[in-house]
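Notes follow the structure.
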Number of protein chains: 2
Amino acid sequence: MKLLYCCSALLLLFILAPRACQAGNILVFPTEGSHWINMDILLKALHSRGHNITIVRSDKSWYITDNSSYYHTYTVQVERSLDQKLITKMMLGTIEFERGTLPWVSFLNTAVGMLSMVVDVHNIIGEYASAILDDKELTRILRDSKFDVVLTDPCWGTGVILAKYFNLPLVYNVRWLIATESHLSIAPSPLSYIPITGSGNTDKMTFFQRVNNMVFHLTSQTHNYLVVKLVYQKLCEKYLGPDCDYGEMMLDADIWLMRVDFVFEYPRPTVPNVVYMGGFQCRPAKPLPQHLEEFVQSSGEHGVIIMSMGAFVNELPADMTNKIAAVFAKLPQKVIWRHKGDRPATLGNNTLVVDWMPQNDLLGHPKVKLFVAHGGTNGVQEAIYHGVPVLGLPLFFDQYDNLLRLKEKGGAKLLTIQTVDKDDNFLKAVQEVLNEPSYTMNMQRLSRLHRDQPMHPLDNALFWIEYVMRHKGAAHLKTGSYRLPWYTYHSVDVILFLAGAVLLMLLTVFILIRCLYTAVCKQKLKHD
Amino acid sequence: MKLLYCCSALLLLFILAPRACQAGNILVFPTEGSHWINMDILLKALHSRGHNITIVRSDKSWYITDNSSYYHTYTVQVERSLDQKLITKMMLGTIEFERGTLPWVSFLNTAVGMLSMVVDVHNIIGEYASAILDDKELTRILRDSKFDVVLTDPCWGTGVILAKYFNLPLVYNVRWLIATESHLSIAPSPLSYIPITGSGNTDKMTFFQRVNNMVFHLTSQTHNYLVVKLVYQKLCEKYLGPDCDYGEMMLDADIWLMRVDFVFEYPRPTVPNVVYMGGFQCRPAKPLPQHLEEFVQSSGEHGVIIMSMGAFVNELPADMTNKIAAVFAKLPQKVIWRHKGDRPATLGNNTLVVDWMPQNDLLGHPKVKLFVAHGGTNGVQEAIYHGVPVLGLPLFFDQYDNLLRLKEKGGAKLLTIQTVDKDDNFLKAVQEVLNEPSYTMNMQRLSRLHRDQPMHPLDNALFWIEYVMRHKGAAHLKTGSYRLPWYTYHSVDVILFLAGAVLLMLLTVFILIRCLYTAVCKQKLKHD
């Protein structure tokens, strides 16, 4: 009997242990800010499964620290870097612009200004690539390291160039490809029901919304095309030879680990090498630190509201934070607010301002009733996982569109940044989401759907990274359609050929009938 | 310590037990032949997980027996049925036609003949639907049974009508939708790299292959359209009201359990509610019955060849089987041949003719070196699972295209039925596949790829059937794109509108410039 127990215990250990996998050698080119927070979760999980992780970073990196217990770094010297200052400038500019307090700015001016800023950001990233590939000693070391795979976030394009330079399989941790939602490049995306980020459309559009969607698509594609041409294609030609095509190269990744799922994203076409790992960072809540738990418990039956504007945003304008703090002060709920700027003058006793908060653990706490959020993908997926309704204050990038997806599903209310401090908008919105049960019920339904998966999205992501290492790529899952010229892809040549053939046939028949008719008429005339 | 063991043992039991799921109530409308063999595997697995299974069948059913230990049946009386005679007639006709021994048959004649035969088959299926829905007592019983889901194979269209009639969620066990490959209807399918079944194309096509692909597509779509219009739309209007649209209804299933995977199928776009379960019927080989094991072992180092032409085909023409048997007799290998017709006169001592064989267990036997097969999806997926190279003798339906996929991946050689008994074709082909190691190596590579999945395809299929039962559908995974008119779907209206707007703008500018120019000229003339 004891033997049986022993065997069971051993078998249990075997089943619970991570799936056996040969230790792999992974080269990572990560991105900054919330994108790094995402990547870091994957790296920790990969390390815990025995893989060696090597990161190439710049000496001016904002989030990525030098060597850690779970990765090794190579640091290159660069002159410029992406940092909080640049992000704050973008955010404040967006808020001022959206509030309409700026003097008249022409559409063209704004578009050119935004484009030049984005090109500049990518030029900074491009400098990293040059710093790496011009360093012959570093490239030798990297080549000799015999990596199994490159893991990168392709909203920055350097990782792709590294993978091709070292001729390695490539896995993306992805939602954005340069400046557009990545599905648009890799999967067929009929614009009739695929809303373009920034257009404010959903997957159900009127005629004029579809027109607007098409215009947004053309604009963002031009945008992307210019960034690729002006930055990455040049790098590509310099380091990979004159014939390389960056546009094609960036679509040639083996596996795309997409940071969404179809509880959050509208249903849309996809391709076999896209793996959905939305919510991979979510996990059951751990107990809160004692002071937070005490604060949360002190809320009694009213519960707690938490507010965060994400990793990129440290400061909101003072008049806005004062207004928000004043509203919070009026509420019977307790509030935990992640806020780094000056302490608002109107702050009530019920509001705890913190530099950082364990967001996932708070969202999973039964006392938390409402999440006031900017709408980053991470926060939205965590809200879905824990079934907490959201009051959205989107600032920029994809935040409005992320929140719109929740709103469409009945789990969120949205306020625009230009109206949040007008009248009682914020107070009314908070009360509506707290008091109307449908918000919570809908979020809980989404939570049930999201959690009901054959396996946890993080395990799925790890499986596919290791799959690429085991099989040295995943060529059989790539459609290769991106290698076809557009007229071939859309069968324009075939349609023209067939239409021509049908026309020629009709013309021949027409001429034959006409000849026959003329001949018969002549014959008749002769006889007459 | 003992307590720890006890806990471990209990936990082990919990982990190894099938995932807890409330017993569901499943209504099944199955198809015949090899399609039933597929469905039957799913039904047994569903039954073993505690679900109640009810089948509606006809009294003339070919494969589906009355009540069994794992399902309950309701039988309706019909006049006609699909049977072996019809299939044999189709098969012999195809062989004669492909051999070119028939008098000249025009393309139009053949197409019309095939269409009328297919329409007739679907009319037989349509009669089942009428027999069920005209029986008020049966429909009352079915309605009162409170089913959770309808499971059907939509190559026959009645299951869809039943699901809509009883307003139930719908799951497909599918590869064919009426008469076309189902991806073509549900997922975007650029004809530039998606080969149409029957065209003989692969996913890499020359210009003229793409023209041929387009013609095949137009033909098969017309074919499908006519079957839908002539059979199912009529039924639909009769039982579901005049406004129903069968074409839209059949695309509105919750989950499509697709009987392929991307080791077999070319990579192509898909949609979120398509779940790939290719190879779900495959499992490690069980020991063979003693007499078979002895026969197999007697092959020594030469190994064994197995041959089967599938569930639908009982007889090949006698001259063909004689030729095949004569070739087998010359080989040092042993042969196991599933063959139901007359015993070939030329049969050698090394060949064992059987009525039925444990195909999966034989393919998994290390002595089996070659599989001579007709190329049904089941057999091809089993060959991939076990890594056995294939010599293909395709007859009809998708068989050529299935085998072509294996050939393209280096795992199979193909012979057409019109050349198999010419010269030494068959002998040479058998020897080539046996002696050229690349065939086996490629099949073993495919086998490794196929088996390397996060979970077994059957478990995945069961998960999604139960998912639909748990959530009463999977609406959030359906794109709904099939509800858009074609010109909306392809944004034709938007493109025309935008092109019109641009033209109008250009025209206005042109007219303005012209007016200005005329005015300036006039002014100048005046001054001169």
| Estimated FRET transfer efficiency when R0 is 35 angstrom, pair A:Lys238-B:Phe207 (beta carbons, to 0.05) | 0.50
| message | Let's see if you can work this out: charge +1 on each Lys and Arg Cβ, -1 on each Asp and Glu Cβ, no other charges. What is the dipole magnitude of the stretch B:290-451 about its Cα centre, in debye to the nearest 20? | response | 380 debye
| message | Could you put A:Arg80, A:Arg57 in order of accessible surface area, largest first, with the 1.4 Å probe and the full protein assembly present? | response | A:Arg80, A:Arg57
| message | Please report the accessible area of A:Tyr71 (heavy atoms, 1.4 Å probe, ligands and nucleic acids excluded) in Å², nearest 10. | response | 10 Å²
| query | Rounded if a/c is under 1.5, else prolate if a/b is larger than b/c, else oblate: which is chain A, with a ≥ b ≥ c the root eigenvalues of its Cα gyration tensor? | reply | prolate
| note | One decimal, nm, nearest first: from A:Tyr70 to the same residue in each other copy, label points 7 Å out along Cα→Cβ, the values are 4.3
| Degrees, to the nearest 10: A:425-435 long Cα axis against longest axis of chain A | 80 degrees
| note | Note to self, the protein assembly as shown gives a 222 nm [θ] from helices alone (DSSP H runs n ≥ 4, -39500 (n - 2.57) apiece, / all residues, nearest 500) of -15000 deg cm²/dmol
| query | Taking Cα atoms, how many degrees apart are the long axis of helix A:318-330 and the longest axis of chain A, rounded to 10 and kept between 0 and 90? | reply | 60 degrees
| query | Once you list every other residue whose beta carbon is under 12 Å from the beta carbon of A:Val468, what net charge do they have if Lys and Arg are +1 and Asp and Glu are -1? | reply | -1
| said: Just to be sure I understand: if you take the accessible area of chain A alone plus chain B alone and subtract the pair, with a 1.4 Å probe, what total do you get in Å², rounded to 100? | reply: 4800 Å²
| request: Treating the angle as unsigned and between 0 and 90°, give the value, to the nearest 10°, between the Cα long axis of helix B:107-133 and the longest Cα principal axis of chain B. | output: 80 degrees
| query | Which loop trypsin sites (Lys or Arg not before Pro) in the stretch A:144-233, with loop taken from DSSP, have no more than 16 other Cβ atoms within 10 angstrom of their Cβ? | reply | A:Lys146, A:Lys204
| Roughly how many Å² is the accessible area per residue of chain A, as a whole number, for a 1.4 Å probe? | 45 Å²
| field | By accessible area with a 1.4 Å probe, ligands and nucleic acids excluded, highest first: order of B:His471, A:His527, A:His302 | value | A:His527, A:His302, B:His471
| request: State the extension gain, in nm to one decimal, for the chain segment bounded by A:Tyr489 and A:Thr346, taking 0.36 nm per residue of separation less the distance between their alpha-carbons. | output: 45.5 nm
| message | For the pair A:Leu525/B:Arg49, report the inter-label distance in nm, with labels modelled 7 Å from Cα in the Cβ direction. | response | 8.2 nm
| task | Order B:Arg451, A:Arg259, A:Arg338, most accessible first, counting only protein heavy atoms with a 1.4 angstrom probe. | result | B:Arg451, A:Arg338, A:Arg259
| In chain B, what percentage of the DSSP-assigned beta bridges are antiparallel, given to the nearest 5? | 5 percent
| How large, in percent, is the carbon and sulfur part of the accessible surface of the protein assembly as shown at a probe radius of 1.4 Å? | 60 percent
| said: With every protein chain left in place and a probe of 1.4 Å, what is the accessible surface of A:Arg448, to the nearest 10 Å²? | reply: 140 Å²
| query | So what does B:Trp176 come to for accessible area, using a 1.4 Å probe and Å² rounded to 10? | reply | 40 Å²
| remark: at A:Leu218 the sorted inter-copy label distances (label 7 Å from Cα on Cβ side), in nanometres, are 3.0
| query | Which FRET efficiency value, to the nearest 0.05, do you get for B:Ser69 and B:Lys286 by plugging their Cβ-Cβ distance into 1/(1 + (r/R0)^6) with R0 = 22 Å? | reply | 0.65
| What's the average, rounded to a whole number, of partner chain beta-carbon atoms within 10 Å of each residue's beta-carbon in B:206-218? | 2
| field | Span from the the stretch B:312-389 Cα centroid across to the the stretch B:204-280 one, whole angstrom | value | 33 Å
| Calculated label separations, A:Lys229, copies of the chain, 7 Å along the beta-carbon direction, nm | 4.7
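The values are calculated or read from the model by the stated rules, or taken from the named source; none is laboratory data. Because the structure is predicted, anything quoted here is derived from the model rather than measured. Every residue, glycine among them, receives a Cβ derived from its backbone with ideal geometry; neighbour counts consider all protein chains shown. Just the protein is used for accessible areas: all its heavy atoms, side chains included, with ligands, DNA and RNA removed. Shrake-Rupley method; radii C 1.70, N 1.55, O 1.52, S 1.80 Å.
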